[in-house]
Amino acid sequence: MGPLYPRAHGLLDGKVTLVTAAAGAGIGYATARRCAEEGAVVVVSDRHERRLGEAAEALADLTGVKPLAVPCDVTSQEQVEALFEAVERRHGRLDVLVNNAGLGGTAELAAMTDEQWHAVIDVTLNGTMRCTRAALRRMTAQGTGVIVNNASVVGWRAQRGQAHYAAAKAGVMALTRCVALEAAGHGVRVNAVAPSLAVHPFLAKVTSEDVLAELTAREAFGRSAEPWEVANVIVFLASDYASYMTGEVVSVSSQHP
């Protein structure tokens, strides 16, 4: 028997919550859904406009309210700034930012091109930095806020073909810890989650069965996480239940080093 989907408890009642890379079937959409179920006023963003629209419609069917949906490529500072300005215009504040945007890929370093390296770093690390910076400038002014970054256990452990992704996710972890110290005096908390394997249809489509089987075998429960199980931890970190937690990277796995 699989895990039971949780009941809502109003953990994010009224909190304006922005989730990046929230289209599709992965952790981003699962997080937007769980935040909405917990009472958040959700804003969703993604660079894929069609899928973003579909995600917004699905959330509207769930909650009865269509969320603000803003297309954004996090590699563009101009688009990032436009995203945060849109949130301000609609809601007047931002309480929670979930940095979910990331880009993967598999290539061993000797065969990796500069373009492959830079593409992963620019979305996964630089994109997280750009959105965090934009959020901090607003949250420090209002004296409150929470940022939750999506890292990965690959930022801790080695995996062949993942040098660019691992470097980016390790960077997200370091960014989280440093920014948490800078933001604490302004009433802003910054934490991260580090999932291992959360299988969804798109990941299953682009990953070989052998690789998925190998990664699943490393898991304590003998299965991959459901995307919403990772989202649950993000919701906790975004909520007032985590009011004294900052600068932490929380493993959503048994693979913390």
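The values are calculated or read from the model by the stated rules, or taken from the named source; none is laboratory data. Quantities reported herein were computed from a predicted structural model and do not represent experimental measurements. Cβ placement follows ideal geometry from the backbone for every residue including glycine, while neighbour counts extend to all protein chains displayed. Accessible surface areas use protein heavy atoms only, side chains included; no ligands, DNA or RNA. Shrake-Rupley method; radii C 1.70, N 1.55, O 1.52, S 1.80 Å.
Modelled spin-label separation between Gln79 and Asp61, with each label point placed 7 Å from Cα along the Cα-to-Cβ direction: 2.6 nm. In angstrom, the C-alpha Rg and Dmax of the chain are 17.2, 51.
Computed extension gain for Thr106 through Arg133, at 0.36 nm per residue and net of the alpha carbon distance, reaches 6.8 nm. Compute the long axis of helix 227-238 from its Cα atoms, compare it with the longest principal axis of the Cα atoms of the chain, and write down the angle in degrees, 0 to 90, nearest 10. Once rounded, one gets 50 degrees.
Here the relative contact order of the chain, from alpha carbon pairs under 8 Å that lie six or more residues apart, stands at 19 percent. Axis angle, to the nearest 10 degrees, between helix 27-37 and the longest C-alpha principal axis of the chain: 30 degrees. Computed over the chain with a Gaussian network model linking Cα atoms closer than 10 Å, the most mobile of Ser224, Ser196, Ser243 is Ser243. When the chain is treated as a Gaussian network with alpha carbon springs shorter than 10 Å, the biggest mean-square fluctuation among Gly39, Gly14, Gly64 belongs to Gly64. Heavy-atom accessible surface of the chain, averaged per residue, reaches 47 Å², computed with a 1.4 Å probe. The spacing between the stretch 86-102 and the stretch 107-144, judged by their C-alpha centroids, is 16 Å. Surface composition of the chain: carbon plus sulfur atoms contribute 53% of the solvent-accessible area (1.4 Å probe, protein chains only, all chains present). Derived from the Cα gyration tensor, the three semi-axes of the equivalent ellipsoid of the stretch 49-98 are 20, 15, 8 Å, largest first.
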